[in-house]
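Notes to accompany the following structure.
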Amino acid sequence: MADASFQPSRIPGFATVAVLAFVCLYLPIFTLVAYAFNAGTSIAVWEGVSLHWFARAWENEAVKSATLRSLLIATTASAVSTAVATLAALGTTRRAAYHGQTFIYVLINQPLMVPEIVTAVALMIFFGVIKQWTGYQGLGYLILAHTAFCIPFAYLPIRARLEGMDLSLETAASDLYASNWQTFRHVTLPLLAPGILAGAMLAFVISLDDVVITEFVKSGGQDTLPTYMLGQMRRAITPEVNAISTGLLGLTVILLTAFFLLTRKKG
Amino acid sequence: MSLEDDARARNVRSAWALSAPALLILLLAAAGPLLIVAVYSFLSPGKYGNVEWVFSLDGWRGILFTKDIFDDTLKLADAHLTIFWRSVKLSLLTTGITFLVGFPTAWFIATRPPRARAFWLFLITIPFWTNLLIRTFAINEVIRNEGLFNTVMIKLGLFDTPLRIINTDAAVLMGMTYVYLPLMVLPLFAAIDRFDMRLLEAGYDLYASRWQVLRRVILPIVKPGIIAGSILVFVPSLGAYVTPRVLGGGKNMMIGNFIELQFGQGRNWPLGAALSMTLLIVVMAALLIYVRAANKGGNGHG
């Protein structure tokens, strides 16, 4: 090409569409956050800046207990799902083809393929029967359900990390008479750590995010933050919902920034 | 020989043993309960919800037909067909629009210099990680009657009265496009990122036009990304529950909301179960077609 400034990778119009897409992605979020600071009682009319609705949400007992419940479920579910997903990833990667390989892979990824509403209905029926049999109504059902659908999210980054890992270091460790456990503990695990961390964070956020399955599985008085908000939206919406959303949004951004900085440092 | 067999057996055993805890949890709280739904779809509805253990095909029949109250004749259930058609139409449109917007966006991100690329990628990941309900609520802030869009339009004198978008199919479509766009952009970006830009120069050197390069060089190579993105958008769109509930109001139901209705006010669990199985089968069929297509594409280039 004669034109020195010609860039083959530039396609006319693409940059415009991209920038517009980013504006459309962020404009609604900024609007949502802005109205959380509204002094008025409606989400329609702007009446000046105030922290009133944050205070209201903070003092609301229902919000407080829903937040604690969300965090408890997300912490437990992400810890358990990451642990079992790590084992499964070790069991399914870096080995010769084996019998049942496809079955295991499909079952692990099953929650990604089945529509959430179908799983939600299935769990509502199944846990409903168990609730009747055992009389147990506690948080165990929600934790179990969350753990299950978090497994593929924890599994995928761990598996990706494992597949990219060099076998030679582990072979070297074995050559130097390290036991299987020593090799795992001092070679494999440290190398795998970023994948495990990524998987755990993904699982945590996925659990915190869930509405549909929680809505169907929860017993009375077991609202998580998202199901509480969904319930509020059915009534007249006040900026309190904006304030709660802004809080959750802030938590997501902080977690995500920390995650980016962490992974960048480790290369 | 027997040593090799022994090693192979050990390999299989350890693969299953290490996967066992995960598989157990999944069987108990994800895959297993689906069988119960299948069973329930062949039972009779109980008077106050739940089921009676009497075999019946009414659940499956009820997907397409209704019984006339007076003479028990079967009629095509128009209301159900409307809901199915809306679900399929909106899901396809969502997939199409997110691709049309997402492809240029992913291309733009992938062609930035490395430092700027990390920044743009970060910007697309934040909405991806943000609670779906919050994002649905955020788009609601823009399109509702007293929302940002209508306020600005009225202030500018372009509209006299607010344009009613909320509680229409258009609102659901806008909401799903907004919510699922990052799911399209991320796999597209991953595919474009691996794309060797020298191929473009080669294309242009051989006198291809921009359109030809896009159509014949770029699209075939990033096809796996397109397929992945389309699955990731189409599948949750078809089973969407939250977005149509918040933005569509009670009338613009999609399959997800229709299923819930059967377990709530509808008190027809077998119909709800049959609808769930239908949705599951449709989604699995879509996934299978996609996987076939992806494999064929891979072989063609390999």
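Take the residues in region A:118-141 that are among the hydroxyl-bearing types (Ser, Thr, Tyr) and either exposed (fewer than 13 other Cβ atoms within 10 Å of the Cβ) or not in a helix (DSSP H, G or I) (or both), then tell me which one is farthest from the chain's Cα centre (by Cα). The extreme case among them is A:THR134. Of all the criteria given as (1) facing another protein chain (nearest Cβ under 7 Å); (2) modelled with pLDDT under 90, the one not satisfied by B:ALA77 is (1). Candidates A:GLY91, A:GLY48: the one that is more than 30 Å from B:LEU100 (Cα to Cα), buried (at least 18 other Cβ atoms within 10 Å of the Cβ) and more than 23 Å from the chain's Cα centre (by Cα) is A:GLY91.
Of A:VAL106, A:VAL84, A:VAL80, all but one fail to be modelled with pLDDT under 95, under 16 Å from B:PRO21 (Cα atoms), hydrophobic (A, V, I, L, M, F, W, C) and in a helix (DSSP H, G or I); the exception is A:VAL106.
Please tell me if B:VAL172 is part of a helix (DSSP H, G or I), within 11 Å of chain A (Cβ to nearest Cβ) and aliphatic (A, V, I, L, M). In short, no. Of the residues contained in region A:94-117, none is found to be surrounded by 15 or more Cβ atoms within 10 Å (Cβ to Cβ), more than 12 Å from every other protein chain (Cβ to nearest Cβ), touching an Asp or Glu at 6+ places or on another chain (Cβ under 8 Å) and aliphatic (A, V, I, L, M).
Residues of region B:37-47 being aliphatic (A, V, I, L, M) and either under 12 Å from A:PRO111 (Cβ atoms) or more than 24 Å from the chain's Cα centre (by Cα) (or both), which ones?
Initial filter on region B:37-47 (aliphatic (A, V, I, L, M)): B:37-39, B:43.
Hits for region B:37-47 are B:VAL39, B:LEU43.
Contact map, region A:204-220: first residue facing chain B (nearest Cβ under 10 Å), second residue part of a loop (DSSP other than H, G, I, E, B) and small (Gly, Ala, Ser), Cβ cut-off under 9 Å, separation 6 or more or different chains; pairs are A:VAL212/B:GLY239.
With the requirement that a residue be surrounded by fewer than 11 Cβ atoms within 10 Å (Cβ to Cβ) and assigned to a helix (DSSP H, G or I), what does region A:162-189 give you?
A:GLY164, A:SER168, A:ASP175, A:TRP181, listed by residue number.
Each residue in region B:186-203 was checked for being facing chain A (nearest Cβ under 8 Å) and buried (at least 23 other Cβ atoms within 10 Å of the Cβ), and 0 pass. Screening B:LEU288 on (1) out of contact with any Asp or Glu (no Cβ under 9 Å at 6 or more places or on another chain); (2) under 22 Å from B:THR168 (Cβ atoms) shows it passes everything except condition (2). When B:ARG215 is tested against (1) part of a loop (DSSP other than H, G, I, E, B); (2) of a type outside the set (A, V, I, L, M); (3) on the phi < 0 side of the Ramachandran plot, exactly one condition is not met: (1). Being at the interface with chain A (Cβ under 10 Å from one of its Cβ atoms) and either of a type outside the set (Val, Ile, Thr) or under 24 Å from the mean Cα position of the chain (by Cα) (or both) is not true of B:LEU206.
The values are calculated or read from the model by the stated rules, or taken from the named source; none is laboratory data. From a predicted model like this one, the values you see are computed outputs, not experimental measurements. Methodologically, a virtual Cβ is constructed for each residue, glycine included, from the backbone with ideal geometry; neighbour enumeration extends over all protein chains shown.
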